[in-house]
Amino acid sequence: MDGKQIVRFALGLGAIGVVLWLSAGTLDYWQGWAYFVLTVVTNVALTVYLARTDPELLKRRMQRRESSALQHVLHALMMLLWLGTLVLAGMEHRREEAHGVPAWLTVAALAGLIAAQGIFYAVFRANRFAAATIRVEAGQTVVSTGPYAVVRHPMYSGLALGAMLTPLALGSWMALWVGAASVLVVALRLLDEERVLRRDLAGYAEYCGQVRWRLVPGVF
């Protein structure tokens, strides 16, 4: 990572806290603090891990040039929905009567977010071509080991899990519908990605015949 990328990365993480606390109107928001600290720690740890073990993969992850207009739209929707989750959760915290998510469920959701990060680690260990955008590169081959032996898009599985758990981690019932909408956008993105991979990546169609499920085993 160069200096500009580090600054952008740090500002992005800091913006999470700003959005949460401005929306909540207070710093007295333990769920927001727990989510913020967990997000910072896990993202920094994952970035350091990639910088040390696979700098080329980190470089791919930092590149955000989408391959099509559809992917631009879907990525923008995912970011807006994630931002909406933070805003709605913070606004719900303002309401004295809106603290219905029990503490044990918030803690469980935070633990689930750690598990989602574990999925990302497993993906990066198995697939050094796991870029942030959809493209097939020279020398890329089909990966069918690790989490790819269970579902065809484990990175998106982690994203979907995170989208559904974030509202609960922030103590919000109201934002759950936004998480569900995020999962729908993830599903649309992976369907478009499969179209590209079937067309451009040798052996991917055969892999689809071997691993049936795309996102959640037994469901989709």
Criterion (β-branched (Val, Ile, Thr), touching a His at 6+ places or on another chain (Cβ under 8 Å) and more than 27 Å from LEU188 (Cβ to Cβ)) met by exactly one of THR106, THR26: THR26
Need pairs with beta-carbon distance below 6 Å; first residue under 17 Å from PHE36 (Cα atoms) and within the range 74-91, second not in a helix (DSSP H, G or I); sequence gap 6+ or separate chains. THR85/ALA175; LEU88/MET174; LEU88/ALA175; ALA89/LEU170; ALA89/SER172; ALA89/ALA175
Based on this model, can you work out whether ALA163 counts as closer than 24 Å to VAL73 by Cβ and either modelled with pLDDT under 95 or surrounded by 20 or more Cβ atoms within 10 Å (Cβ to Cβ) (or both)? yes
Do we find a residue being outside any loop (DSSP other than H, G, I, E, B), touching a Lys or Arg at 6+ places or on another chain (Cβ under 6 Å), buried (at least 16 other Cβ atoms within 10 Å of the Cβ) and hydroxyl-bearing (Ser, Thr, Tyr) anywhere in the range 185-206? yes
So, of the residues in the range 92-106 that are part of a helix (DSSP H, G or I) and without any contact (Cβ under 8 Å) to a residue 12 or more places away in the chain, which turns out to be least open to solvent (accessible area, probe 1.4 Å)? ALA103
Specify the residue that is most open to solvent (accessible area, probe 1.4 Å); the eligible residues are those in the range 20-56 that are more than 21 Å from the chain's Cα centre (by Cα) and among the small types (Gly, Ala, Ser). GLY25
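The values are calculated or read from the model by the stated rules, or taken from the named source; none is laboratory data. As the structure is a computational prediction, the values presented were derived from the model and not from experiment. Every residue, glycine as well, gets a Cβ built from its backbone with ideal geometry; the counts of neighbours run over all protein chains shown. What goes into the accessible areas is simple: the full protein's heavy atoms, side chains included, and nothing from ligands, DNA or RNA. Shrake-Rupley method; radii C 1.70, N 1.55, O 1.52, S 1.80 Å.
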